[in-house]
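Here is the structure we will look at.
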Amino acid sequence: MRVSARRTHVPLGPELTAPRSAEQKEQILRAIREAGSYPEQIDVWINRQDGTQRCLNLRFSFSYSAERRQTGYVLISDITERKQIEDRISATKNFLDNIIDNSIDAIVMADPQGSFKGLTRRSLR
């Protein structure tokens, strides 16, 4: 993995110049406006020029100099693979829940300590 850093003075707000796509810019600014202030972090899906989609996690941090000048930092991480795995896990869980819910057998689920974690509608009869 290659890590690079660049110090730039990019105003935060309507003058934000990156990402270059106006749609992506509006998506980021809309997420910031909905939070009412700059959130600690946001996840943003972007469309790349090659047609692929990537999910970026943007983490915001601010510091003040002795002269009370505010400096903002944004750490950008590509979390596309993590999001895709989370989506697959969620789809698998929903699929298995559907199988269990529609089972003709009574199924009671418990953890190793004996605490009940779930049961099917059939087990209620």
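The values are calculated or read from the model by the stated rules, or taken from the named source; none is laboratory data. Here the structure is a predicted model, which means the values were calculated and not measured. Note that we place each Cβ from the backbone using ideal geometry, even for glycine, and neighbour counts take in every protein chain shown.
For the stretch 92-99, check the following and say yes or no: at least one residue is among the polar types (S, T, N, Q) and either surrounded by 12 or more Cβ atoms within 10 Å (Cβ to Cβ) or under 27 Å from Arg30 (Cα atoms) (or both).
no
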Matching residues, the stretch 85-116, being touching a residue at least 12 places away in the same chain (Cβ under 8 Å) and either among the hydrophobic types (A, V, I, L, M, F, W, C) or assigned by TED's automatic domain parsing to the domain that holds Gln41 (or both): Ile100, Ile104, Ala106, Ile107, Val108
Given (1) touching a Lys or Arg at 6+ places or on another chain (Cβ under 6 Å); (2) in a strand (DSSP E or B), where does Val74 come up short, assuming only one miss? (1)
Scan of the stretch 63-83 for residues that are surrounded by 10 or more Cβ atoms within 10 Å (Cβ to Cβ) and either modelled with pLDDT of 80 or more or not assigned by TED's automatic domain parsing to the domain that holds Thr52 (or both), ordered by number: Tyr73, Val74, Leu75, Ile76, Ser77, Asp78, Ile79, Thr80, Glu81, Arg82, Lys83
